[in-house]
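A.B. asks: Take this structure first; my questions come after.
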Amino acid sequence: MFEYILGKLAVKKVDYVALEINGLAYKIHISLKTFEKIDNIGSNEKLYIYTNVKEDDISLYGFKTQNERELFKALISISGVGPKLAIAILSTFNMREIIDIVTENESKIFTRVPGLGIKKAQKIILDLKDKVKKLDVVEVIEENSNILSGKLITSEVSDSRVLLMKEDLKLALESLGYVNTDVSKWIKDSELVQIKDISEAIKIVLQKIQNKK
């Protein structure tokens, strides 16, 4: 239906954004990796779109690159892998990591994704091997503070800012399958004060959860 949508970023959440065009805002589901690459509210953003059509729902999924969209489409073409699991995979690993996991047959690493067992991980790898070879991969990992998006945290952060950070963290964890997770269990308010943005906070919490397993 849509090749891409270019519009003003009106809403930015860890699991979706809204791009506004002529007074109409399109809700677009995204991965955490895409979230990290998106600019601040009010900026112009371009996302490549996949339209998921069901009997009772039409949902839009957005990606910063065409390659990421193609990988998403390859994932959901696999039996037992829906959009939610595909987004969780793309949220846990970047494209380069996914391709390395598939080519090196590291199914155990794939099980870091919530809800993805070893058998399904093996099936995904088997089905993706030929498809990832067709991707023209130019995956640039932008990790500097000028690129990473999120809420800037300073030593003078207010209680309300910390609460917003915790709310975004909870949404991020839920988008990955960690439902009803107590954010305060994994990160203290004093830690959030020292963290520069929401992207860093997400990485820290996910690392703590993985280390606990």
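A.B. asks: Take peptides 97-107, 63-73 and line them up by average Cβ neighbours within 10 Å, highest first, as a rough protection proxy. Each step should come with its number before you reach the end.
C.D. replies: Values: 97-107: 17.1, 63-73: 19.7.
Ranked by mean Cβ neighbours within 10 Å, highest first: 63-73, 97-107.
A.B. asks: Taking a threshold of 18 Å on the Cα-Cα distance, which of the pairs K84/K133; K12/K166; K13/K33; K123/K208 fall above it?
C.D. replies: K84/K133; K123/K208
A.B. asks: Sticking with this structure for a sec: Calculate what fraction, in whole %, of the accessible area of the chain sits on carbon and sulfur atoms when a 1.4 Å probe is rolled over the protein chains.
C.D. replies: Numbers: 5590 of 11500 Å².
Of the solvent-accessible surface of the chain, carbon and sulfur hold 49 percent.
A.B. asks: Pop out the Kirkwood hydrodynamic radius of segment 25-65 from its pairwise C-alpha distances, inverse of mean 1/r, in Å to one decimal.
C.D. replies: Working: mean 1/r = 0.0895 Å⁻¹.
Here the Kirkwood hydrodynamic radius works out to 11.2 Å.
A.B. asks: Please work out the Cα convex hull volume for the chain and give it in Å³ per residue. Walk me through the numbers before you get to the answer.
C.D. replies: On the way: hull volume 29.7 nm³, N = 213.
Expressed per residue, the convex hull around the Cα atoms of the chain is 140 Å³.
A.B. asks: Translational D (Stokes-Einstein, µm²/s) of segment 66-145 at 10 °C and 1.306 mPa s when Rh comes from the Kirkwood sum over C-alpha pairs?
C.D. replies: Details: Rh = 12.7 Å.
This corresponds to a translational diffusion coefficient of 125 µm²/s.
A.B. asks: What is the distance in Å between the Cα centroid of segment 9-24 and that of segment 45-107?
C.D. replies: So the separation of the two Cα centres works out to 20 Å.
A.B. asks: Kindly report the accessible area of segment 10-122 per residue (heavy atoms of protein chains, probe 1.4 Å, no ligands, DNA or RNA), in Å². Can you show the working numbers first?
C.D. replies: Numbers: 5240 Å² over 113 residues.
On a per-residue basis, 46 Å².
A.B. asks: Straight-line reach only, C-alpha to C-alpha below 20 angstrom: list the lysines that K129 could link to, leaving out same-chain residues fewer than 8 apart.
C.D. replies: Those lysines meeting the cut-off are K73, K108, K119, K120.
The values are calculated or read from the model by the stated rules, or taken from the named source; none is laboratory data. Please read all numbers here as calculations on a predicted model, not as lab measurements. Quick reminder, even Gly has a Cβ in these numbers, built from the backbone with ideal geometry, and neighbours come from all protein chains shown. Please note that ligands, DNA and RNA were not included when accessible areas were found on the heavy atoms of the full protein model with its side chains. Shrake-Rupley method; radii C 1.70, N 1.55, O 1.52, S 1.80 Å.
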